[in-house]
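Encoded as structure tokens, the structure appears first; notes follow it.
The values are calculated or read from the model by the stated rules, or taken from the named source; none is laboratory data. Predicted, not measured: the structure shown is a model, and the values here were computed from it. Note that each Cβ is placed from the backbone with ideal geometry, even for glycine, and that neighbours are counted across all protein chains shown. For accessibility, only protein heavy atoms count, side chains too; no ligands or nucleic acids. Shrake-Rupley method; radii C 1.70, N 1.55, O 1.52, S 1.80 Å.
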Amino acid sequence: MPRYAIYPGSFDPLTNGHVAIIQRGLKLFDRLIVAVANNPQKTPLFSVDERKQLVDEAFGHDPRIEIDSFDALLTDYARKRGVSTILRGLRAVSDFDYEFQIANMNLQLMPEIETVFVMTGEDYFFVSARLVREVATFGGDVSSLVPKNVEEALKKKLRRS
Ligand code: ADP
């Protein structure tokens, strides 16, 4: 039986921090479902389809990575997919409090769920999609923070808006 985990997030857009988590996740699991959150309360820079495509391109359509989206509770999505392991990344200490709350809330909602945390390397400890969006919006160089295809997509998107 292949071991599956769901890696949920906004991925708006995919950063090298996310890439490192996916690479580490693939050492622990046979397959990863990268689940792009479609949150109607947020106005993203990239649409769900664009975000999914950027992940798929960045990993060269790796068959071990399935890219999906969800717009319900993560636990409902996990049940629907029949997967009870969630992969999350940890950055600085500031992530811990939030991640701890979510992991415990998910446990209340679905007792069989397990959340596995992995850390990024120190190079990407400070990288967040929000920071990338802010820097790129003001014309800053994000080439060391995101995969090449994301850098190009950011340029195209921001030139248009
Ligand atoms: P962001 O906070 O960058 O918008 P997401 O909401 O898409 O990212 O987060 C998805 C998951 O990836 C979360 O568990 C988050 O902590 C993790 N993550 C994002 N960036 C990094 C990073 N640079 N290092 C480690 N984990 C990260």
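Relative to one another, the C-alpha centroids of segment 46-67 and segment 102-161 are positioned 14 Å apart. The heavy atoms of MET105 present about 110 square angstrom of accessible area, all protein chains included, probe 1.4 Å. One equal scatterer on each Cα of segment 4-161, no solvent, Debye formula: the resulting log10 I(q)/I(0) at q = 0.09, 0.20, 0.21 Å⁻¹ is -0.28, -1.42, -1.54. Determine the shape class of segment 17-85: with a ≥ b ≥ c the square roots of the Cα gyration tensor eigenvalues, call it rounded for a/c under 1.5, and otherwise prolate if a/b is greater than b/c, oblate otherwise. Since a/c reaches 1.5 but b/c is at least a/b, the shape of segment 17-85 is classed as oblate. Placing +1 on each Lys and Arg Cβ and -1 on each Asp and Glu Cβ, with no other charges, gives the chain a dipole about its Cα centre of roughly 280 debye. Tell me the net charge near ASP12. Cut-off is 14 Å between Cβ atoms, ASP12 excluded, with +1 for each Lys or Arg and -1 for each Asp or Glu. So the environment of ASP12 carries a net charge of +3. Which pairs, out of LYS80/LYS156; LYS52/LYS80; LYS80/LYS155; LYS27/LYS80; LYS27/LYS156, put more than 28 Å between their alpha-carbon atoms? Listed pairs above 28 Å: LYS80/LYS156; LYS80/LYS155; LYS27/LYS156. When the residues SER128, SER143 are ordered by accessible surface, computed with a 1.4 Å probe over the protein chains alone, the sequence from largest down reads SER143, SER128. Under 5 Å between amide hydrogens, built in the peptide plane, is the criterion, and for VAL116 it picks out ILE86, LEU87, ARG88 among residues at least 5 positions away or on other chains.
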